[in-house]
Every structure is written in C-alpha cells, then in structure tokens.
1. Short version: ³J(HN,Hα) in whole Hz for each residue of region A:134-143, in order, from phi by Karplus 6.51 cos²θ - 1.76 cosθ + 1.60 (θ = phi - 60°), x for Gly and Pro, what are they?
2. For every other residue with a beta carbon closer than 12 angstrom to the beta carbon of residue A:29, add +1 if it is Lys or Arg and -1 if Asp or Glu, then tell me the sum.
3. Taking 2.2 N^0.38 Å as the expected size of a compact globular protein, what ratio does the Cα radius of gyration of region A:82-123 give against it, to two decimals?
4. Other chains' Cβ within 10 Å of A:161-171 residues: what's the mean?
5. Kindly express, to the nearest 10 degrees and within the range 0 to 90, the angle between helix A:6-37's C-alpha long axis and the longest C-alpha principal axis of chain A.
6. With θ set to phi - 60°, apply the Karplus curve 6.51 cos²θ - 1.76 cosθ + 1.60 along region B:115-127 and write out the HN-Hα couplings as whole Hz, x wherever there is a Gly or Pro.
7. What is the magnitude of the charge dipole of chain A about its Cα centre, with +1 placed on the Cβ of each Lys and Arg, -1 on the Cβ of each Asp and Glu, and no other charges, expressed in debye to the nearest 20?
8. Quick one: if the Förster radius is 41 Å, what FRET efficiency do residue A:37 and residue A:331 give, using the C-beta to C-beta distance and rounding to 0.05?
Amino acid sequence: MDTNIWRPILYLIGFMAFAGINAAYLGWCERKGAGRIQRRTGPMEVGFQGLLQPLADGLKLMSKQLLVPDGVDSILFRVAPILAMIPALTSMAVIPFAGNVQARAVELSVLLIFALASIGMMAVLLGGWASGNKYSLISAARSVSQNLAYEIPMLVTVITIVMLTGSMNLEEIAAAQQGGFWNWNIFPVASHSLAQAIIMPVSFIIFFICSVAETNRAPFDMAEAESELIAGHMTEYGSMGFGLFMMGEYLNMVVGACLITILFLGGWDGPLGLSGGIWWFLVKIYLLLFTVIWVRWTYPRTQIYKLLNLSWKILIPFSLVNLLLTAAFIKVF
Amino acid sequence: MQSAICQSAAGMSFFSAQGFVGLIFLVTIGLIIAGAFVATTSTRLVRCISGLAVCFTGVAGAYYFLLAPFVAMMQMLIYVGAVSILIAFAIMMATPEEGDTPGKKITRFSGPLGFAVSAMAFAALSLLAATTDWQVFAREGSGDMHHIGMVLLTSHSMVFELVSIVLLVAIMGALVIARRGRD
C-alpha cells in the first residue's frame, strides 16, 4: 500500500490555490467574453484590459462582513457554501492531468467523481432551504429536479466509455486513447470499429449537454435565473459566502471539462501524434470552458419544463439506445 | 526526499501514515455517530436529513475501511446523492409549518418507559455482540468491479434477478401514482 501521504496533501494545497486563481480569471474571461459577444468591451478600468479587476473583486469580497440574516437556519446557512466547494476540490484529487501528474491514483476514479458530484447538489438544496426565502426555495427545488434528471443520461453515457475501455480508472481511460486524435473516444476510427466511431460523437454531445446542465450553467441555469428568482439559492449570500458558491461553480466547470477531456478527448495526448503532456490537457479544458462561456452568452435561458422534457424525453432514451448499440458493436465487431 | 520525510515521521506514531489512517478512521466513526445523533434529535426535518446524509457518508467511509471501495462509492452515489436528496426534496415540497408537531401526547411515564425500552434493547444487543462467536471470514476475491460483476452474473445471479424485479415494481408503482388523476 502506498503510504506516501504528503503527495495528496501538497496537491490539495495546489488545488486550493488553483481554485481561487481559476475562479478569479475565469470570471474575468466570462465578463470579457460576454462583453465581446454583446459588442461591449467588458472590464477595462483596473489594470491593462481590466486584468487586475478579479484581484479588486476578490479583495472586496474578502473584506466584506459575512451577514447572516434573521430567519435563516444559521447552521445550514453557513454549511452550504462550504459544501459547494468540498466535492469539486476533492474530485480534483483523482484527475490525471498527465501521465504521472495525479494526486492519488484511485482504481474507481470515474465513480468517485460522480459520487462526489452528487453531494454538490446538497449545497444548492441546503443553501436554498436555509435562506428561508421563497425564491431560494423554488431555486433549490428546481435545481434538484434538474440535477437528478441530468445525472441519469450522464451516468448511462459514461457506461459506454467504461465498456469501451474496460476500466473505471481515469488514467487507464486516457492512456488507452494515446497516439493522435484518431484514437480519441470522440471518434475512435483507428482504435475501434467504424460503427463505434459513428455513435461515439452522440455520446459526446449527450455528455457535454449533461455536464453543462449539471454545473448549472446557462442555458440551464434555472437555479440562478436572476430575472425570475433574483439569484435563487444565492440571494441571501454576500461576501465570501457568495464567493465560495461562485468558486465552487467555476471549479465544477473545470472538473466537468477535465472529465470530458479524459473520457472523450484523449486526456493529455497531443493531436496528430505530437508529444503529449499537461499543456495539451490545459489547452483542451480551457477550450471547453471557452465553449461553455460562449454557449452561455449565445443562447437564452430555457424554461424549467422544457429543460426537464429535454432530459426525460430526449436525452435519456437516446443515451439508453446509445448504450445498447455500443454493447452490441463491442460484441459484434 | 518525500520518503525521507515519511521515514523520519515513522518514529512518531501519530504523524506516521498509520496514525493518519487511524485518525481518519476515528473521524469516520465520529461522522456516523454525530450524524445519527443529529438525525434523531433535531427538531427541524431538514436538519435531520442533513444528519442522515452525514451518517451515510460515515458509513461509506466504514465500507472503504472494510476494503470495499466499490460499495463505498455506491453508498455515496445512492444514499447520499439520491436517497437523502429525494427525502429532502419531499420534505421541502410537503413540509408542515415549523414548530410543535401535533398528535403527540407526552405523559409523565413517557420518559422512564422510553429509557427502559432503549436500555433493554441496548443490553440485548450488547449481550449478543459480546457472546456471539464472531467468525472472521477469509477475503474472497479482490472486491473490485470485475469480481463483483462476475459474481453477480454467475453464483449470485438470484440477487441480480430479484433486484431487477424490485426495480420493475418500483417503476410500475411510480407510473401508477404519476398517472393518477390525469385522465
């Protein structure tokens, strides 16, 4: 048994630093991106191109008092933002960023990430309920029904990958896709049969939609929905309470992008057989994150009924058929 | 370098890897007990559910210490991630006003009687635990996914079939309840 306990601890410290910087600068990217898409300039005042704006925002958030309003459930109100951060931060520990760059090698890492992601729902639920506010409660209810609905197609789609690779270990899944984009699970022409390669993009699209919905991002941000629910479960939170929710959201986005990269885009493998490494991993996740931001500012928010119908009536049947076809193709070819 | 740190730390029992694992084990047990305590004593239903979720998390940790990581993660995914959340969801949708729950009659015998009953149950269980000749089974297979899958589809396929029947009944029940009053 590996008794080296310092490696995961040092990695976790690194992840915490990453969580802060990542949230700050993804926030900046988001505002800049929104600005460009809406023909504005975005933040420009603080520093060159507003590059120091996240620093100013962070200082402001940290120096504000943590207000606990009257009539909230004082314990759960304080627990909820912490609960929003913990699962995302913990699941970073099992993500292989490159061949040997991983805090802790866990055999069932895919399952571990989904187990932790399901706790993340608890944060929105408790935060929304503890706020003692009708908007927050509606937001909590919406978020739970949405997350439960989108977890099913997501898990079913992951099973196709697990069947294809024969492993629940993220490192093995990524290692099986090395050697150019024709081996990646998104279109595995070289490593698997052509029939397999034709249905894998469907898996990818289902997984991408589900991961956007699971991280509560627009057009699926029914929990936040500032035009109807003010800000949903975050209405009553200020200062770092809100800050933790926001950091948790961005970190969840990063975990989702890491999962997509490892499961479908070959992990740290370079396209066209270029030498792989952590830089390719980072390029891929930030391209995916850019896509998520792009989608957010391009499409308007849907309605909760349409959202649930999309999952229960389209994504779940499609993912089940997809699973059946994958199993059949593995057996036949 | 890192192994050197571990080597020097091995002398001190608490800061060694074993000590750290022991600490985590105690935290796990603490989570189970604290969660169960909150779940049974709290007056607010949502706090009870949170306690239950904490308790389930502790149980997942216990499974991990029993060298069954697959069961531990399924415990997290199903009990913490689905069962607790569904219960919380149901409570939020249908919760009565906070405060005193009606229909409870507390007489002066309630306390002593409850105490006697729980003391009896405790005594019986402890007696059973202390006098039973516990047999330690040899570990069978590796407990990983491949092994569980093989066993479920060969020697223990009855369990698999029964689970599928239970799920079918649950789906039918949900459909019947959901369709009621629509036509």
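1. So the Karplus estimates, Gly and Pro as x, are 5, 4, 5, 5, 4, 4, 4, 4, 4, 5 Hz.
2. Counting the neighbours of residue A:29, the net charge comes to +3.
3. This ratio for region A:82-123 stands at 1.18.
4. 1
5. 70
6. Per-residue couplings from phi come out as 4, 4, 4, 5, 5, 5, 4, 4, 4, 5, 5, 5, 4 Hz.
7. That gives a dipole near 620 debye.
8. Rounded to the nearest 0.05, the efficiency is 0.35.
Every number in this text was worked out from the coordinates using simple rules, so none of it is lab data. Worth saying up front: this structure is predicted, and the values here are computed from it rather than measured. Quick reminder, even Gly has a Cβ in these numbers, built from the backbone with ideal geometry, and neighbours come from all protein chains shown.
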